[in-house]
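Before any comments, here is the structure.
The values are calculated or read from the model by the stated rules, or taken from the named source; none is laboratory data. No experiment lies behind these values; they were computed from the predicted model shown. Quick reminder, even Gly has a Cβ in these numbers, built from the backbone with ideal geometry, and neighbours come from all protein chains shown. When the accessible area is computed, the model is the full protein with side chains, heavy atoms only, and any ligands, DNA or RNA have been set aside. Shrake-Rupley method; radii C 1.70, N 1.55, O 1.52, S 1.80 Å.
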Amino acid sequence: FVAVAIITSLAAVLGRKVVVRPQARTDWTVIPNLWALAVGRPGVLKSPAMEATLAPLKRLIAKANELYKAAFEDYKLNLTVAKVRAEVAEKSARKQLEKDSNVDLSAILAIDEVAEPVLKRYIANDTSPASLGELLRQNQNGLLVYRDELVSLLKGLDREDQAEGRGFYLTGWGGDSPYTFDRIGRVPNLHIEAVCLSVLGGTQPGRLAEYIGQ
């Protein structure tokens, strides 16, 4: 259980940073993301083993949260400064326009946009395909989908209304295929450069046998 979780979490952190080219004379490229299922009877401590193994990943998550918090405070300050600058620029532009109606105001009104910081994510637990897609768009290196009971995720994806979710997860298996969400009511052309998912979870032999039997 420990080995499975270690290898899969390492694969998630590597994501698209590293590729494998097994053949010297071709461009066949493999992304080292992995999907793993730990199967064990009740009471063999597979969940605590996997949780303990994910501790280094959780430290990375804590560090990313700290960096995001500091960056967001700077963002709020810079946003206020940008707003004041825009107001001053608008007043200056009005004065220039009163003197000359044909004056070029582009230089005066050109205010740099303040980019909102993005939280670096490593793990996703319970998300819809669209939400997971947005996380991957912001974290293009890839993510680890971790579910303590992985069969519940598989059963959810088996539902008739989850065809989109099944397709999205299958796209993430390869780690290098692009994906675009084009749906009414959503932001148009939500494009993901490459869907890269690692998957880790556990289950019991009986639940797995029941699921496969169905």
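Points worth noting:
- Candidate set from the stretch 76-97 (those that are open to solvent by less than 50 Å² (accessible area, probe 1.4 Å) and hydrophobic (A, V, I, L, M, F, W, C)); member that is nearest to Leu150 (Cα to Cα): Ala82
- One residue from Asp100, Asp158 being out of contact with any helix residue (DSSP H, G or I) (no Cβ under 7 Å at 6 or more places or on another chain), loosely packed, with under 13 Cβ neighbours inside 10 Å and either among the hydrophobic types (A, V, I, L, M, F, W, C) or within 28 Å of Ala11 (Cα to Cα) (or both): Asp158
- Residues considered: Leu153, Leu144. Of these, the only one that is in a helix (DSSP H, G or I) and under 21 Å from the mean Cα position of the chain (by Cα) is Leu153.
- If only residues of the stretch 199-214 that are over 29 Å from the mean Cα position of the chain (by Cα) and hydrophobic (A, V, I, L, M, F, W, C) are counted, the one that is nearest to Arg41 (Cα to Cα) is Ala209.
- Some residue of the stretch 162-184 being part of a strand (DSSP E or B), at pLDDT 90 or above and open to solvent by 60 Å² or more (accessible area, probe 1.4 Å): yes
- Taking the conditions (1) of a type outside the set (Phe, Trp, Tyr); (2) over 24 Å from the mean Cα position of the chain (by Cα); (3) modelled with pLDDT of 95 or more in turn, Leu34 satisfies each one other than (2).
- Pro205, sole failed condition from (1) open to solvent by less than 80 Å² (accessible area, probe 1.4 Å); (2) within 23 Å of Ile31 (Cα to Cα): (2)
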